[in-house]
């Protein structure tokens, strides 16, 4: 589970002071460097007025409010410098009986969606009793990443992010199933902002069966391939086919292959295309192709069974 970092820090710092310290010293890829920032993050959490001040300033200019924030309304971006390897945010965690949960349901808050992380982040409880989590661990390097693959999940405990509690979530190790806070809560986060999340995978987990449910991080290349296959000409098809056979990233190879099959209506031809993936050197491509072939065959088998 995430590492709980004990700190009795009593200092109170301003947001600008924390930014200055992080700009100078922080390496978000390093657990030790992140842990060393725990007392400074706690010092910001000791400042009981700074977040209200930030929100008040944002409300004064609605035209520029939270410009550059690509997250859901749950997140208040506190600081983002694209040239630095971190950013700061505040997260709002409603309880099950709060009006926003009644209106939107749990999905926007990632409740009941077990997942790992392909980035490090340091968090502290700022307000309220904190969201609950069922915590697990697994070994990222031992999975290929296809749906249905056993993750080797190891349950650790259920606990809440209490006010003042500091935790280091480790990339590729910690998995959690977030559960609603007992009362409205807020956490502060120092988030890794590197290229690692771009080139590695983040998974949704099925904790009941212990398998990978799906990949949850966005990959722009996958979207581009889908669009190219849908509207492209034969030259485009040749390029996608080349990518499906030669791209260094196995997930991109499979995405290219799947996009090619989406152009074909004949089930036999689709299966023939996906069989290319069954010969790929990557188990991810092979198993993902097997799943797609099953999806094509299953309706036909159901029809044959109905008339047999």
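Please treat every number below as a calculation from the coordinates, not as lab data. Given the structure is predicted, the values throughout are model-derived calculations rather than measurements. Counting neighbours? That spans all protein chains shown, and the Cβs are built from the backbone with ideal geometry, glycine included.
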Between the modelled labels at residue 103 and residue 25 (7 Å from Cα along Cα→Cβ) the distance in nm is 4.1 nm
Over the chain, the sum of -39500 (n - 2.57) across DSSP H runs of at least four, divided by residue number and rounded to 500 deg cm²/dmol, gives at 222 nm -11500 deg cm²/dmol
When the chain is treated as a Gaussian network with springs between alpha carbons less than 10 Å apart, the largest mean-square fluctuation among 199, 237, 12 is found at 199
Cα convex hull of region 220-306, projected area averaged across orientations, nm²: 5.7 nm²
Using alpha-carbon coordinates, inclination of helix 267-278 to the longest axis of the chain, degrees: 60 degrees
Whole-number percent relative contact order across the chain, with pairs defined as alpha carbons under 8 Å at least 6 apart: 18 percent
Neighbour-count ranking [beta-carbon atoms within 10 angstrom, fewest first] of 236, 28: 236, 28
Footprinting proxy, 206, 139, 40: sorted fewest to most Cβ within 10 Å, the residues are 139, 206, 40
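Taking the Cβ of each residue in 278, 191 as the centre, tally the other Cβ atoms inside 10 Å and list the residues starting with the fewest.
Lowest count first: 278, 191.
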Degrees between helix 220-231 axis and first principal axis of the chain (Cα, 0 to 90, nearest 10): 40 degrees
So what's the angle, to the nearest 10 degrees on a 0 to 90 scale, between helix 234-246 and the longest Cα principal axis of the chain? 70 degrees
Under a 10 Å cutoff between Cα atoms, tell me which one of 219, 235, 91 has the largest fluctuation in the Gaussian network model of the chain. 235
